[in-house]
Each structure stands twice: as C-alpha cells, then as structure tokens.
Amino acid sequence: MDLDEVAGRLYGLPPSEFTAARDAEARAAKDAGDVRLARDIAGLRKPTVSAAAVNRLAREHRDDLGELLALGQELREAWERHDAEALAELTRRRGELAGRLSRLIRRDAGLSAAAAAEAEQTLDAAVVDAGAAEEVRRGRLAKPLSYSGFAPAPAPAAPRGKPAKKPTDSTASAESASEAKGAAAKSAEAKRAEAEKREEAEAKRRAEAEARKAAERQEALDAHREWVAALEQAVQEHDERAERVAGLERKLAKARKRLAESAQRLEVAKREERHARHRIG
C-alpha cells in the first residue's frame, strides 16, 4: 500500500465519507508500522463539494472529460500558432463540451449554484492550463481550480539554443490573438453573469425558505402562547372551584355534626319520656 493507491480510493468517495475513511487508512498504515505513510495519509485534505463532483466526473465520465482535455491541448497549441480560424472552431467546440460536462456534473452531484460555478471554473482551468488538466484527469482534487487571464497558459520555454518558432506574419498573428482574446473575454463574462444569476436565484430561494421557517416558528410560538394562557386560566378556575368545594364540604361536615348532636339529644329525650310514662303508670 502506498500514498498514491490510498489517495485514489479516498478521493473517489463522497465528501461525507472522506474523513472517516482517511482516518481508518491512516490507522491501518500506522498499525502496519509505516508511520510516514500514516502521517501522509492523515494530511490528505477533505475535498470540497465541487472538487468531489469533478473527481467523480473523472472516474465515471472519463471519455467525455478526456475529449475536453484533448481539446484544451489543441486550443493551447492553436494559441501558440496564433491560428485565428482554429481558435474560433476550438472555442465553439469548447463551449459545447464544457456545457455537456457541466450538465453531467449537476445531474450526478446535485450541486448548488455556487458549487456548480466552482466546478465549471475548474473545467475552464483544465482547458487552458496543462498542469490543471493533469490534476483534473487524476481525479484527486481537494479544492476547485481557477485560472486568471483570458489567454491559455504559455507553452513550456524552448530549450537553450533552440529559439521558439516565430509567426511568419506578425501583424496577422497579433490580430488573431486580439480576436481570440476578445472572444475568450466575452465567454468568460457570459459565464460570470450566468454564475451571478444562479447565485442570486439561490440566495432568493434561501431567503424565501428562511422567511417561511420564520413565519412557521412565529405561528407555532403564537399557538403556544395561546395554549399557555388557556392552561393558566383553566388552572385558576380549577383552584377557585376546588376551594369552593372544600368550603362546602367543611360546612356539610359541621351540619352533619350538628345533626348528629340533635339526633343524640332526641334519643335522650325519647328515653326520658318513656321512663316518665312508666313511672306514671
């Protein structure tokens, strides 16, 4: 077992499962006596939602992603040649491929607007930068990638003694580069605008959901207050009536006592009357 093998397994997992699996792999390496590998595994970062979505794309839609990355290489080469015609065609194809992959990501991962924008930004970086393309192809991203600027990353410098090939028509090359830069700028601006719209829609949805929750909480609170008031009134009425009943019971007890005393006096009087009648007779 090595770090490359472990990372390949971990970054194929959903973010919710990553940390527990990483810790288990680190413990296994430590138990096996490989402390350095355990430390390296423990240092692997949990991927963001958007990075995990791109990692999943690299595994489940390898051919589709490979087509986009191959087009990115052609685009960089056309830029180096200042080939305006090729750049225009490749830019069109890039838009189609990137759109298809973005739909796949959103369908498979169910991303929020913000996370989807980060995933699309990562694919854009992979198209214009060979290093980013390799990272995306490996499917082990921990965070989204980005690339600043409208032009693709420059090709590696030519070896010493071998100057880079210059265009034969510098004026035409400059115009081609300017056109390509303008098209790239418009595409980037359109994507930014679309991302902003998605973010605004997501923010509006969240605000409406919070408003509904607040209204439900207020309604529940009002209902609770009404029940508390009703309970307090019922308790008060119960206590008052219980007190009245207790008072009546005390009065009844006294009346019964007086009745018993009267009955006793009546019995004594009857007995005396019988004795008197007996003496007379």
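Key figures
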{"read-out": "In the range 24-55, the residues that are under 24 Å from the mean Cα position of the chain (by Cα) and open to solvent by 60 Å² or more (accessible area, probe 1.4 Å)", "value": "ARG45, LYS46, VAL49"}
{"read-out": "Wholly enclosed helices (runs of 4 or more DSSP H) of the range 30-149 bearing at least 3 residues without any contact (Cβ under 8 Å) to a residue 40 or more places away in the chain", "value": "35-42, 62-81, 84-109, 130-138"}
{"read-out": "ALA113 open to solvent by less than 40 Å² (accessible area, probe 1.4 Å), touching a Lys or Arg at 6+ places or on another chain (Cβ under 8 Å), at pLDDT 95 or above and among the small types (Gly, Ala, Ser)", "value": "no"}
{"read-out": "Candidates LYS251, LYS197, filtered to the one that is open to solvent by 100 Å² or more (accessible area, probe 1.4 Å), at pLDDT 75 or above and of a type in the set (D, E, K, R)", "value": "LYS251"}
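The values are calculated or read from the model by the stated rules, or taken from the named source; none is laboratory data. For clarity, every value in this text was computed on a predicted model and none was experimentally measured. Please note: Cβ atoms are built from the backbone with ideal geometry, for glycine as well, and neighbour counts cover all protein chains shown. Accessible surface is based on the protein model in full, side chains and every heavy atom, while ligands, DNA and RNA are left aside. Shrake-Rupley method; radii C 1.70, N 1.55, O 1.52, S 1.80 Å.
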